[in-house]
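Report on the following structure.
The values are calculated or read from the model by the stated rules, or taken from the named source; none is laboratory data. Note that the coordinates shown come from a computational prediction; the quantities given were computed from them, not determined experimentally. Heads up, the Cβs are rebuilt from the backbone with ideal geometry, glycines too, and the neighbour counts pull from every protein chain shown. Calculation scope for accessible area: heavy atoms of the full protein, side chains included, ligands and nucleic acids excluded. Shrake-Rupley method; radii C 1.70, N 1.55, O 1.52, S 1.80 Å.
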Amino acid sequence: MEPISTALAGIALVKQSVDFIKTHINTVQDIGQIANQIDNLFTGEKQIQQARNKKASSAGLGDQFGVDTVAREVIDAKLAAEKLQEVATMVDMRFGHGTWKGIVAERAKRLQEQREAEAAAKREALRKAREFEETIRTVATTCAILAVVIGLFITVMVSVARAANYV
C-alpha cells in the first residue's frame, strides 16, 4: 500500500474503533467485549505512524518537506494520539483508574515477547541451517575421501593383477 492510502486506512480504523467504543463503553460488562476494537485502534495508530515513517524515508526532498505533506502527517498523528487519549479516558472512567495503563503495559510486554520469540526462531533457523551445511560438508568430504580410497584400492588391485599376469 502507498503511504497515503495506508495512513487513510489507519485513520479510518482509528475513527471506526473510537466510534464503536464510545457507543458501547457503558453497556459492556468487561473489557474483553471491546478488546477487538482496542486492538483495531492500536493497529490504526500503527498504520498512521508507519505511513508517516515510510513517506519520510521514500519521498523526494520536495515532496517530503512540502507543507501539505508535513501538515497532513502531523495532523494525522495528532488526531490518532487524541483519539487514543480519548479512549484511555473512557476506559479508565468505565473500568477504573489505571485500566488503560495496564492494557498498554500488557500490550507492550506481549509485543516484546513476540519480538523475542521471532528473534529466537530466526536464531534457531540459522543454527539449523548452519548445522545442515556442516552435515553436507561432512558427507561431501567423507564421500570424496571414500572415492579416493576406492580409486587407490582399484589402482593397487589393477597393478597387482597386471604384475601377476607378467610373472
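For this structure, a couple of remarks:
- MRE, 222 nm, helices only [DSSP H, n ≥ 4, -39500 (n - 2.57), over the chain, to nearest 500]: -31500 deg cm²/dmol
- Scattering profile of the chain at q = 0.09, 0.10, 0.16, 0.17 Å⁻¹ [log10 I(q)/I(0), Debye over alpha-carbon scatterers]: -0.54, -0.61, -1.00, -1.05
- Inverse mean reciprocal Cα-Cα distance (Kirkwood Rh) of the range 77-154, Å: 17.8
- The accessible surface of the chain, taken with every protein chain in place and a 1.4 Å probe, is 62 percent carbon and sulfur.
- Placing unit charges on each Cβ (+1 for Lys and Arg, -1 for Asp and Glu) gives the chain a dipole about its Cα centre, and among V28, A161, T6 the Cα reaching farthest toward its positive end belongs to A161.
- With a Förster radius of 41 Å applied to the beta-carbon distance between I154 and T43, the computed FRET efficiency rounds to 0.05.
- Most to least accessible of H97, H24 (protein chains only, probe 1.4 Å): H97, H24
- Cβ-based net charge around E134, under 13 Å, with every Lys or Arg adding one and every Asp or Glu removing one: +2
- About the Cα centre, charge dipole magnitude for the chain (Lys/Arg +1, Asp/Glu -1 at Cβ), debye: 480
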